Amino acid sequence: MADEATEFWDAFEKETGEKVEARSIGEWFKDDGLGIWGLVIITDKSFRFKHMPSENWLFSLFKKTSKSSADREKPVDIVIPRDELKVEVAARRGLFARLMEPAFPHFTVRRTGEDKEYVFSADPASGLLAALAAIAAAKS
């Protein structure tokens, strides 16, 4: 399994020409409020969300059934260049609030000059949220 993951990330970097700096499993909340699970990736040049439909048992644990389930079977590839990236990472809250909130904190990204916001959640242990916070701080 580790070899397959290494091959995947090597192929990703070769295909995009970008170096992966942080990555996580995450969820994109579409306009209808329903989430799609995929990979949230920060490279040296962009922010990316990549959903690849599969029958993987792990992803099936997180699937929500809905009328729009056909949309979940389509690949999604959201790419925002880092120099156009605006990001808001939710501040850490107290212990009680964290116990009552979803396990993966939410964050919002958008492209400079556009009103469309994308809401995501990601595993805080992955380092992705820290990388996003650093990007946001560098732009302040």
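Derivation of every value follows stated rules applied to the coordinates shown; laboratory data play no part. Since this is a predicted model, take the numbers as computed values, not measurements.
Taking amide H atoms as placed 1.01 Å from N in the peptide plane, list the residues 5 or more away in sequence, or in a different chain, whose amide H sits under 5 Å from that of ASP123.
Close amide H contacts, sequence-distant or interchain: ILE25.
Pop out the ³J(HN,Hα) list for the range 46-52 in order, Karplus 6.51 cos²θ - 1.76 cosθ + 1.60 with θ = phi - 60°, rounded to Hz; leave Gly and Pro as x.
7, 9, 9, 10, 10, 10, 10
Check GLU21: other-chain or 5+ apart residues with amide H under 5 Å from its amide H, H built from backbone geometry?
ILE42, THR43, ASP44
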